[in-house]
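> Can you read through this structure? Questions will come right after.
Where a number appears in this text, it was derived from the coordinates with a stated rule and is not lab data. Source: prediction; values computed, not measured.
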Amino acid sequence: MGTGRLVFDEAVAQIARTAVAGVDDSRMERIVDAGTGHQDGFLVESFLERVVVFAAQRGTLSLSDVSDARRVMARTQARRAMLCVPAEASIPNAVMLLATLSKIEIVRVSAADAAR
């Protein structure tokens, strides 16, 4: 795992932490894929809702990335999700439309955000 990946993963964890910072009785836990053992992202849970925060490291976002996000949302029974992508990632219109309809917010993470 390269240094860039570690910095990006830490930025995603920071975004998840700030999502629960102002909410009372909230918790954050890691989501692990049972088949591969890899971390899929974070589940941020409060008494109002469940939100999944995870990352896509590729340069171009695809429909399969959104489908994977929807699958994780269904598995964790989350109402919405935040998908963090690098600031320079290419996002086709069809992918943005499907993400919006699926209640998945796409967040661009720049190098300055990752450095915080």
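> Once the piece of chain linking T36 and D68 is laid out straight, how much longer is it, given 0.36 nm per residue of separation minus the C-alpha distance between them?
10.1 nm
> Gain in length, L48 to S26, computed as 0.36 nm per residue apart minus the alpha-carbon separation, to one decimal in nm?
Extending this stretch completely gives an extra 7.0 nm.
> Long-range amide H contacts for R80: which residues qualify at under 5 Å (H placed 1.01 Å from N, peptide plane, sequence gap of 5 or more or a different chain)?
R50, V52
> Treating the Cα atoms of region 53-95 as identical point scatterers in vacuum, please give the log10 of the normalised Debye intensity I(q)/I(0) at q = 0.19, 0.21, 0.24, 0.34 Å⁻¹, two decimals.
Ignoring solvent entirely, the Cα scatterers give -0.56, -0.67, -0.83, -1.26.
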